[in-house]
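Single-structure report; data block below.
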Amino acid sequence: MTKSCDICVIKQKGYTAIFEEGQNIEALSSYFLDYPEEEWAILNRRAFWTREHILFDLLDYLEAHYPAESVYFVHKNEAELPDDQEQKMNISELRSEQQTAWIDKVIEKKAIRTHFQPIVEIKNKKASVIGHELLSRGVNTQGEIIPPFQLFEAARSRNRLFALDRACRMEAVKNAAAVKMNQLIFINFIPTAIYVPEHCLATTFELIKQIGVRPEQVVFEVVESDEVKDINHLKNILNFYRKHGFKYALDDVGTGANDLKKLASLEPHFVKLAREFADGVSSDPAKQNVALSVIHIAHHLKATPLAEGVERIEDIEYLANMGYELFQGYYFARPNEIPVVQLDGAYHVEA
């Protein structure tokens with residue numbers, strides 16, 4: 001299998017600590033002797049370098065014995081002094097870094113579970129499962145679920161977004177075999193976490209081939225497209241998917257992040273009406289206008305419209321009458337570790 005690039009490999013961080021003139025750091029020398037020599041170095045009488053886990057252990061001591069404004073830290077992978085242009089961190093900022101360091105272990109140990117939420121097609125008052133969105137959840141050391149927002153915020157804070165996006169994508173693909181062969185598989189990806197698709201997606205494509213999933217089953221779903229400043233880069237990624245036989249969808253359409261002009265230029269196979277416009281649409285004229293605009297452009301692009309976040313039968317019926325074909329939401333099923341076969345709800349389930 002193709003090796004992953006360095007950006008997706010978790011490497012332990014190192015820091016150089018710089019102390020203000022007049023601060024005595026000689027006492028720290030004995031502290032470091034308990035650790036391997038390759039993990040720390042005294043650089044001069046006012047600076048030391050160390051691996052992150054050692055520095056985190058030392059923070060309580062530094063806070064107790066040195067004024068907060070007398071020391072700062074610079075991220076350095078090697079034992080060297082920083083230059084004046086490099087970003088400095090104070091103890092408080094380093095504490096914040098420490099509080100999200102757990103994300104490294106989640107990625108390293110692949111402590112990620114895949115939950116399945118059905119994609120439902122409604123025709124003639126009959127509902128049938130035609131696919132599943134594969135959603136990632138982290139797992140902490142106590143076996144408890146880490147919500148996705150917390151997972152990705154920690155990764156963003158630690159600059160681990162690339163590695164986490166890849167880990168979640170690969171775990172989703174591994175678990176995609178649980179979905180029926182004739183059903184669609186929606187897999188999320190963050191476009192800003194993909195530099196060069198030919199390299200960043202090679203292992204994903206190889207794994208899809210290995211588990212026997214057909215490319216036409218797979219729908220790669222763009223999330224956080226509001227973060228995409230370079231639309232041409234996103235188009236490059238999507239064209240790469242299309243070239244290899246995969247489909248793609250745009251998430252949260254209607255929120256402004258995915259305005260209709262952008263939607264048209266990206267030519268998706270599926271457009272997902274954002275939950276904030278699907279929930280309560282049957283009684284809200286403003287939401288109805290957005291839903292109608294999205295479906296008009298979807299039909300113009302020959303894309304399939306999908307309403308996500310549906311929880312009420314009246315909203316489903318309203319959107320179905322408008323022309324929405326696919327639905328996703330708690331009304332039918334919550335995300336579950338096992339793909340749903342039998343649907344709950346007022347609609348008859350097609351056998």
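The values are calculated or read from the model by the stated rules, or taken from the named source; none is laboratory data. Just so it is clear, the structure is predicted and the values come from calculations on it, not from any experiment. Ideal geometry is used to build each Cβ from the backbone, glycine not excepted, and the neighbour counts take in all protein chains shown. The protein model used for the area step is the full one, side chains on, heavy atoms only, and it has no ligands, DNA or RNA in it. Shrake-Rupley method; radii C 1.70, N 1.55, O 1.52, S 1.80 Å.
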Next on the checklist: Within the chain, what whole-number % of the accessible surface is contributed by carbon and sulfur, with the 1.4 Å probe and all protein chains included in the calculation?
Outcome noted: 48 percent
Checklist entry - So, by mean Cβ neighbours within 10 angstrom, what's the order for 39-47, 101-109 with the highest one leading? => result 101-109, 39-47
Checklist entry - Averaged per residue, what accessible area in Å² does the chain show with a 1.4 Å probe, protein chains only? => result 49 Å²
Next on the checklist: From the C-alpha coordinates alone, can you work out the Kirkwood hydrodynamic radius of the range 38-106, in Å?
Outcome noted: 13.0 Å
Checklist entry - Using θ = phi - 60° and the Karplus form 6.51 cos²θ - 1.76 cosθ + 1.60, what ³J(HN,Hα) does each residue of the range 10-22 get, whole Hz, x for Gly and Pro? => result 7, 10, 5, 6, x, 9, 9, 9, 10, 9, 5, 4, x
Item to check | the chain, helix-only ellipticity at 222 nm - DSSP H runs n ≥ 4, -39,500 (n - 2.57), divided by all residues, nearest 500 | outcome: -10000 deg cm²/dmol
Item to check | Average projection area in nm² (convex hull over Cα atoms of the range 115-173, one quarter of hull surface) | outcome: 5.3 nm²
Checklist outcome for this item: Filtered hits (lysines, Cα-Cα < 26 Å from residue 13, offset >= 8 within chain) -> 3, 76, 88, 105, 109, 110
Item to check | Other-chain or far-sequence residues with amide H under 5 Å of residue 43's (modelled H) | outcome: 48, 49
Next on the checklist: At 7 Å along Cα-to-Cβ for each site, give me the label-to-label distance between residue 70 and residue 153 in nm.
Outcome noted: 3.5 nm
Item to check | Sequence-separation-based contact order of the chain, relative, with Cα cut under 8 Å and 6+ spacing, percent | outcome: 15 percent
Next on the checklist: Applying a 10 Å radius around every beta-carbon, put 282-292, 308-318 in order of their mean neighbour count, most first.
Outcome noted: 308-318, 282-292
Checklist entry - Percent relative contact order of the range 62-117, based on C-alpha pairs within less than 8 angstrom and at least six residues apart? => result 28 percent
Checklist entry - How do the peptides 19-26, 208-215 rank, highest first, by the average count of neighbouring beta carbon atoms within 10 Å per residue? => result 208-215, 19-26
Item to check | Taking the range 74-159 and dividing mean pair separation by its residue count, relative contact order in percent (alpha carbons under 8 Å, at least six apart) | outcome: 24 percent
Next on the checklist: What whole-number distance in Å separates the alpha-carbon centres of the range 275-314 and the range 94-162?
Outcome noted: 26 Å
Checklist entry - Of all DSSP beta bridges located in the chain, what percent are antiparallel, nearest 5? => result 55 percent
